[in-house]
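Undergrad: What follows is a structure written as structure tokens; I'll ask about it next.
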Amino acid sequence: MSKYAIKPGATVPPTPFYYYDLDLLRRTLGVATEEANRYGYHIHYAMKANVERPILEEIRRAGLGADCVSGYEVRCAVENGFAPEKIVFAGVGKSDGEIEYAIEQGIFAFNCESLQELEVIDGLAKAQGRRVNVALRINPDVRPETHRYISTGQAESKFGISYTEVDEALARLNELPNIRIVGLHFHIGSQIRNLESFAELAERVNEIARWFEERGVTLRHLNMGGGLGIDYEGPDEEPIPDFAGYFRTFHDHLKVREDQTVHFELGRSIVAQCGELITRVLFTKTTAGGARFAIVDAGMTELIRPALYHAHHRIENLTAEAEKEKRAMGVYSIAGPICESSDVFAREIEFPESRRGDVLALRSTGAYGSIMASNYNMRPIAPSIFGGEE
Ligand code: LLP
């Protein structure tokens with residue numbers, strides 16, 4: 001059940017808004033760090049999932065580093081107290097200004113995604129009289145079972161240096177005195193529920209790492225990226241993802257030397273389940289074909305995942321749940337107010353009979369929800385409310 005349970009007669013703040021349960025976030029971080037510490041693994045939080053200040057504060061306090069994909073995220077991490085030595089910076093298209101800023105901050109490592117990028121970083125490091133740490137992002141050509149828009153590690157993807165180019169990368173590195181190769185970076189995709197994909201990744205990493213070591217490159221760090229999925233169907237059955245299974249999979253399959261450190265970049269699995277988007281029914285109507293719609297005041301401007309990836313989020317009618325008398329069930333499509341046909345959160349689901357003014361919760365929206373919001377149709381950005389503070 002939604003953590004934002006409404007008591008009969010209580011007033012609900014103006015909708016739409018995001019509600020975050022910081023208590024669940026803390027418990028999630030507790031399990032994630034305990035399971036990672038078992039093997040001495042390091043977690044960098046993928047800032048792209050959510051950058052609300054109270055959330056970053058909990059994550060920093062739990063001891064995680066930061067994984068950034070833009071100079072703006074690097075700045076946000078630094079301003080929120082993340083130690084630069086724990087910041088990694090990935091991205092296929094880093095601008096010169098972003099690279100310069102990250103060099104100035106002295107971040108832990110750049111995850112480099114092309115041969116040209118290596119040269120540019122070398123030049124910009126030279127201009128600052130520095131030598132910077134670089135991990136090569138290698139595209140391992142592993143195909144996880146997930147939506148094609150959020151899978152990144154296949155041969156035809158734009159991400160990473162192709163394994164067919166590693167020979168050239170290595171030759172090039174020897175001519176670039178201002179960068180130091182410290183490791184390899186991988187990320188095969190997001191919302192991966194089948195741990196077999198990670199086992200396959202680890203086995204590929206073993207081969208690729210051996211290739212580099214045989215050519216005299218000492219890999220101090222292995223970065224496995226992120227991608228652990230969550231249960232969107234049953235947020236109450238599995239509020240905390242299977243971190244134990246995830247890290248154990250790497251422990252069982254990844255070959256790690258004593259002097260090597262292993263890093264992860266987790267986003268969704270840390271923050272998704274602690275967030276809910278709270279919205280209100282504006283109108284209900286029935287189409288000529290007899291389909292019933294509940295039109296709500298949140299839309300793809302607040303949560304774009306259903307429109308963009310056909311993502312499923314569990315929806316609850318909190319007003320109906322708070323009532324003593326059970327409401328009859330009906331078949332509803334739940335849609336937002338935006339002038340786009342794709343602005344539909346759920347199509348033809350079994351849902352309690354819904355009325356104007358009912359308050360609904362869209363569950364599991366802590367990751368890639370508020371951060372992907374837009375002002376389309378000139379809508380303001382929805383506020384956030386935090387519960388479960390210490
Ligand atoms: N590291 C890299 C290099 C990444 O590209 C990503 C996510 C992560 C780590 C974190 O992955 P996670 O642990 O959150 O799966 N907007 C999409 C997801 C895009 C993910 C992009 N990269 C969605 O709403 O499903």
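Undergrad: How much of the calculated P(r) for the stretch 149-254 lies past 24 Å, in percent of all Cα pairs? Kindly include the intermediate steps, with their values, before the conclusion.
TA: On the way: 1870 of 5565 pairs.
The share of Cα pairs beyond 24 Å in the stretch 149-254 comes to 34 percent.
Undergrad: Please report, in debye to the nearest 20, how large the charge dipole of the stretch 347-390 is about its Cα centre when each Lys and Arg carries +1 at its beta carbon and each Asp and Glu carries -1 there. Walk me through the intermediate numbers first.
TA: Working: 5 positive and 6 negative charges, 55 e Å.
Once rounded to the nearest 20, the dipole reads 260 debye.
Undergrad: For a quick check, take a GNM of the chain with Cα springs below 10 Å and name the residue from 225, 97, 275 with the largest mean-square fluctuation.
TA: Checking each option, the largest mean-square fluctuation is seen for 97.
Undergrad: In addition: If a/c stays under 1.5 just call it rounded; otherwise compare a/b with b/c (prolate if a/b is bigger, oblate if not). Do that for the stretch 1-111, with a ≥ b ≥ c from the square roots of the Cα gyration tensor eigenvalues.
TA: On the way: a/c = 3.09, a/b = 1.65, b/c = 1.87.
Oblate is the answer for the stretch 1-111, as a/c is 1.5 or above yet b/c matches or exceeds a/b.
Undergrad: From the backbone phi of the stretch 264-272, what are the Karplus-calculated ³J(HN,Hα) couplings (6.51 cos²θ - 1.76 cosθ + 1.60, θ = phi - 60°) in whole Hz, Gly and Pro given as x?
TA: 9, 10, 9, x, 3, 5, 7, 10, 4
Undergrad: Further question: List, in order, the whole-Hz ³J(HN,Hα) value for each residue of the stretch 324-336 obtained from phi through the Karplus relation with A = 6.51, B = -1.76, C = 1.60 and θ = phi - 60°; use x for Gly and Pro.
TA: Once rounded to whole Hz, the list reads 6, 7, 5, 8, 5, 8, x, 9, 10, 10, 10, 10, x.
Undergrad: Can you spot the lysines whose alpha carbon is less than 17 Å from residue 324's alpha carbon? Ignore those fewer than 8 places along the same chain.
TA: Straight-distance partners of residue 324: 7.
Undergrad: How do 112-122, 349-359 rank on mean C-beta neighbours within 10 Å, highest first?
TA: On the way: 112-122: 19.2, 349-359: 16.1.
Ranked from most to least packed, the peptides come out as 112-122, 349-359.
Undergrad: So, one more: Ranking request for peptides 25-31, 292-298, 375-381: highest mean number of other beta-carbon atoms within 10 Å first, then the rest in descending order. Numbers along the way, then the final one.
TA: Values: 25-31: 18.7, 292-298: 21.1, 375-381: 11.6.
Put in order of decreasing packing, that is 292-298, 25-31, 375-381.
Undergrad: Considering just Cα atoms, how many Å³ per residue does the convex hull of the stretch 273-387 enclose?
TA: Enclosed volume per residue, from the Cα hull, is 109 Å³.
Undergrad: Please enumerate, by chain and number, the lysines with C-alpha under 21 Å from the C-alpha of residue 48, excluding those fewer than 8 residues away in the same chain.
TA: Within reach: 86, 94, 158.
Undergrad: Taking other Cβ within 10 Å of each residue's Cβ, how do 72, 19 sort, fewest first? Mind showing how you got there, number by number?
TA: On the way: 72 13, 19 21.
Ordered by Cβ neighbours within 10 Å, fewest first: 72, 19.
Undergrad: Treat every Asp and Glu Cβ in the stretch 176-328 as -1 and every Lys and Arg Cβ as +1, leave all other atoms uncharged, and give the resulting dipole magnitude about the Cα centre to the nearest 20 debye. Mind showing how you got there, number by number?
TA: Working: 18 positive and 23 negative charges, 92 e Å.
So the dipole magnitude of the stretch 176-328 works out to roughly 440 debye.
Undergrad: Only counting other Cβ atoms within 10 Å, I'd like 345, 283 sorted with the fewest neighbours first. Before the final figure, lay out the partial values.
TA: Values: 345 27, 283 13.
Ordered from fewest to most neighbouring Cβ atoms within 10 Å, 345, 283 come out as 283, 345.
Undergrad: Let me ask something else. Could you run the Karplus curve 6.51 cos²θ - 1.76 cosθ + 1.60 with θ = phi - 60° over the stretch 376-390 and give me ³J(HN,Hα) per residue in whole Hz, x for Gly and Pro?
TA: Going residue by residue, I get 3, 6, 6, 7, x, 6, 5, x, 10, 10, 10, x, x, 5, 6 Hz, with x marking Gly and Pro.
Undergrad: To continue, here is another question. Could you pull the Cα extents of the chain along its three principal axes, largest to smallest, in whole Å?
TA: Extents along the principal axes: 71, 45, 42 Å.
Undergrad: Of 182, 170, 211, which is farthest on the positive side of the dipole of the stretch 91-233, counting Cα position, with +1 on Lys and Arg Cβ, -1 on Asp and Glu Cβ, and the Cα centre as origin?
TA: Going by the charge dipole, the pick is 182.
Undergrad: Which value, in debye to the nearest 20, describes the size of the charge dipole of the chain about its Cα centre when Lys and Arg Cβ atoms bear +1, Asp and Glu Cβ atoms bear -1, and nothing else is charged? Walk me through the intermediate numbers first.
TA: Details: 43 positive and 57 negative charges, 132 e Å.
Approximately 640 debye in magnitude.
Computed from the coordinates by the stated procedures, all read-outs in this text should not be read as laboratory data. Note that the structure is a prediction, hence the values are computed from the model and not measured. Every residue, glycine among them, receives a Cβ derived from its backbone with ideal geometry; neighbour counts consider all protein chains shown.
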